[in-house]
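Here is the structure we will look at.
The values are calculated or read from the model by the stated rules, or taken from the named source; none is laboratory data. Quick caveat, the model's predicted, so the values are computed rather than measured. Every residue, glycine among them, receives a Cβ derived from its backbone with ideal geometry; neighbour counts consider all protein chains shown.
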Amino acid sequence: MSVPKASLQPTLRYQDLDRAYVAGQWIAGTTTFKVNNPATGELLAEVADLSPEQIDQSIDAAAEALPAWSAKTAHERSAILKKWHALLLANAESLAQTMTAEQGKPLAEARGEVGYAASFLEWFAEEAKRAYGEVIPTAFAGKRYSTIRQPCGVAVAITPWNFPIAMLTRKVGAALAAGCTMVAKPAAETPLCALAIAKLAHEAGVPPGVFNVVTTTRAAEAGEVMCRSPKVRVLSFTGSTAVGKRLYRQCADTMKKLALELGGNAPLLIFDDADIDRAVEGAMISKFRNAGQTCICANRIYVQSGIYAEFTARFTQKVAALKVGNGAEDGVVIGPLISAKAVQKVDRLVRDALAKGAKVLVGGAAHTRGGHFYQPTVLEGIGAGMDILGEEIFGPVAPLIRFETEAEVLAKANDVSVGLAAYVFTRDLSRTIRLTEGLQSGIVAVNDSVPAVAVAPFGGVKESGLGREGGRQGLDEFLDTKYVCIGLA
Ligand code: NAP
């Protein structure tokens, strides 16, 4: 569908985004909450703080909009998603600036996220047309078997602050393509990005009630309302494993379909036979993107002994040169962490490691500029029993661990309760095959550090969650398969 040029003019100003979006209306809450820039502390907006009752009403709105939306043809839904995609791209710069202001990531990364986020709307606009059922060869002459695939119903999304637009479009693109309607609750740190996406949905012609954004600081109560409601058939959550487990339990009574994209603890393995330039570059990107606040961040960097000294020297030199600051400033590659609490958590992990014998090669403390900034850090001498090996760091801290053999490092890499992403740097084909099969994770990247893309399935094993987002599998989370058996006359 072609979109008239005039309708693609950038229209966003985050100062205007202070109300929640329910049933096609911008609504006030019972009170408001403040959204601050994590780099400067500046007050960006005071946003509607919805009550649990208002969240329940938003579910009603989504339920009312469901019959008409699910009755549209896949081609009609696809056309609206494509227009929404075009509007995201047309507003890319203001979306990126909004994201840097409320989330802190450098502007270049924010621009990258907007493109990545938009790609999910385009991808699912196409996949909408391919929700095929099947005809099954019959087992009895007088019967015919087939399947059709139908939208599950009302879906809810609960999303985190670290990728405030992409984590939302990855869910809503698939849900709307499948014919579901959705209520989305963004993280309280980053509601403006979600409200901006709702504004563009409205402009794209997403009908009232089909996509709702509820802003609230009462996350636990909102979660209970969403989980308890029999009208909600799918819950798609991205966030911490602890909250994911809680939601899993809460959804048992209404037996919802669940997609849980939870925490990771990615190992990054560098072998003696690796291309060292590539390994250094890959480790830098995987570890320091978004100031280390990504669920697929390298959390544990294992380096084989033959290459350890050279890798460590080159990696440490690069880390020492990283420019820290406000993501809106030129040349900054490491922004602030999301909150003071995040800085404390990262520092606790570093202190624990140092107390148990680790050594600082660079950084090692909160940044001297204060606020939410942490120094890019490299630690070595990491050993068993340190919290940093078992917890997601979620900050710009790289623990280096020396290893000798492939068998030893594979066992260590898998010795955690989660399994989202793993990285391998090697030029040995047989090793590549052994490790891609042996690593316990939903994603394995070989000689690459940015595996996430709309066309491929993203998700984890073990306590990293359930289900997949993106790829052709992403649509499945919002579709039920109905089996039809016809007896012939
Ligand atoms: P979080 O505390 O679990 O928060 C995520 C979302 O859940 C936010 O919207 C939050 O709202 C909400 N929430 C918190 N408690 C809730 C409850 N009891 N019931 C319902 N909702 C609740 O996670 P986070 O620390 O902000 O985000 C980082 C985590 O997300 C990391 O573990 C990271 O690995 C994971 N993550 C995973 C993926 C993936 O695809 N697997 C992608 C990105 C991030 P409030 O903000 O209002 O508290």
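Data overview
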read-out	value
Condition check for Ala398: surrounded by 23 or more Cβ atoms within 10 Å (Cβ to Cβ) and either away from the ligand (no atom under 15 Å from the Cβ) or aliphatic (A, V, I, L, M) (or both)	yes
Answer residue from the stretch 432-469, given it is aliphatic (A, V, I, L, M) and in a strand (DSSP E or B) and is farthest from the ligand (Cβ to nearest atom) among those	Val446
Cβ pairs under 8 Å, 6+ apart, first in the stretch 323-347 and closer than 21 Å to Pro399 by Cβ, second at pLDDT below 95	Val324/Arg369
Of the criteria (1) over 14 Å from Tyr21 (Cα atoms); (2) within 13 Å of the ligand (Cβ to nearest atom); (3) in a strand (DSSP E or B); (4) aliphatic (A, V, I, L, M), which one Ala184 fails	(1)
Options Ser2, Ser119: the member that is modelled with pLDDT under 95 and surrounded by fewer than 24 Cβ atoms within 10 Å (Cβ to Cβ)	Ser2
Residue match in the stretch 195-202 (condition: in contact with a Phe, Trp or Tyr (Cβ under 8 Å, 6 or more places away or on another chain), closer than 25 Å to Pro376 by Cα, within 16 Å of the ligand (Cβ to nearest atom) and in contact (Cβ under 8 Å) with a residue 12 or more places away in the chain)	no
Residue check, Val303 of a type in the set (Val, Ile, Thr), buried (at least 20 other Cβ atoms within 10 Å of the Cβ), under 23 Å from the mean Cα position of the chain (by Cα) and more than 18 Å from Phe163 (Cβ to Cβ)	no
Verdict on Pro151 being touching a Ser or Thr at 6+ places or on another chain (Cβ under 7 Å) and within 15 Å of the ligand (Cβ to nearest atom)	no
Which listed residue is free of Cβ contacts under 8 Å to residues at least 40 places away in the same chain and crowded, with 17+ Cβ neighbours inside 10 Å, from Ala157, Ala184, Ala128, Ala139	Ala184
From Gly370, Gly395, Gly383, Gly364, residue being at pLDDT below 95 and farther than 27 Å from Asp273 by Cβ	Gly370
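Yes/no matrix, rows are residues, columns are (1) assigned by TED's automatic domain parsing to the domain that holds Gly390; (2) buried (at least 22 other Cβ atoms within 10 Å of the Cβ):
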| position | (1), (2) |
| --- | --- |
| Glu406 | yes, no |
| Asp415 | yes, no |
| Val424 | yes, yes |
| Ser430 | yes, no |
| Thr436 | yes, no |
| Gln440 | yes, no |
| Val444 | yes, no |
| Pro457 | no, no |
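Here is a yes/no grid of residues against (1) within 13 Å of the ligand (Cβ to nearest atom); (2) hydrophobic (A, V, I, L, M, F, W, C):
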residue	(1), (2)
Gln250	yes, no
Thr254	no, no
Gly263	yes, no
Leu269	no, yes
Asp272	no, no
Ile285	no, yes
Asn290	yes, no
Cys297	yes, yes
Ile301	no, yes
